[in-house]
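Read through the structure below, which is laid out as structure tokens, and then see the notes.
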Amino acid sequence: MSSDCQEKNEITIKYVIPNDLKDCYVNGVWGMVSPKGEINMHLYSERLPIPNTETISFIDGNLGTVPVDTKAGGDVIRLVQSSIVMDIPTAIALQKWLGERIDYFFNKIKETKKEHKDV
């Protein structure tokens with residue numbers, strides 16, 4: 001760290017965001033601790049499969065709306081959106097950060113319920 005930062009007793013951090021950054025919705029996680037002691041975490045979104053094929057009958061010359069046959073691959077799809085590897089200190093910091101956000105969320109709900117109750 002530069003002596004300039006130490007003299008000011010503060011530091012400015014610049015976040016570099018790549019142009020191809022994308023938001024990902026996730027509703028599940030799978031992972032493990034590696035032999036090196038790192039956390040491997042795979043975040044996924046889970047959904048029912050989109051059919052590979054559908055067969056739809058014609059009714060009076062018009063395409064029907066209900067498939068007579070559907071073929072899909074698998075019962076559930078888990079699309080891995082991101083794979084993350086972190087050391088234990090980072091995992092602990094992430095756990096703390098998530099806990100703070102969850103506490104904030106539930107405290108806001110309590111406040112909102114109390115405000116509506118008092119009205």
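Examine the stretch 52-65 for a residue that is surrounded by 10 or more Cβ atoms within 10 Å (Cβ to Cβ), touching a Gly at 6+ places or on another chain (Cβ under 6 Å), part of a strand (DSSP E or B) and without any contact (Cβ under 8 Å) to a residue 12 or more places away in the chain, and state whether such a residue exists.
yes
Among the residues of the stretch 15-58, write down those that are of a type in the set (Lys, Arg) and modelled with pLDDT of 95 or more.
Scanning the stretch 15-58 gives a single hit, LYS36.
Go through the stretch 34-51 and give me each residue that's under 30 Å from ASP23 (Cα atoms) and outside any strand (DSSP E or B).
SER34, LYS36, GLY37, GLU38, LEU48, PRO49, ILE50, PRO51
Please determine whether any residue of the stretch 93-100 is of a type in the set (D, E, K, R) and modelled with pLDDT of 95 or more.
For the stretch 93-100, residues of a type in the set (D, E, K, R) and modelled with pLDDT of 95 or more: present.
At negative phi and exposed (fewer than 10 other Cβ atoms within 10 Å of the Cβ) - does that describe any residue in the stretch 77-89?
Yes; the residues of the stretch 77-89 include at least one that is at negative phi and exposed (fewer than 10 other Cβ atoms within 10 Å of the Cβ).
Is it the case that some residue within the stretch 100-109 is surrounded by 10 or more Cβ atoms within 10 Å (Cβ to Cβ), within 27 Å of LYS22 (Cβ to Cβ) and assigned by TED's automatic domain parsing to the domain that holds LYS22?
no
The values are calculated or read from the model by the stated rules, or taken from the named source; none is laboratory data. Quick caveat: nothing in here was measured; it's all calculated off a predicted structure. Glycine gets a Cβ as well: all are built from the backbone with ideal geometry, and neighbour counts include every protein chain shown.
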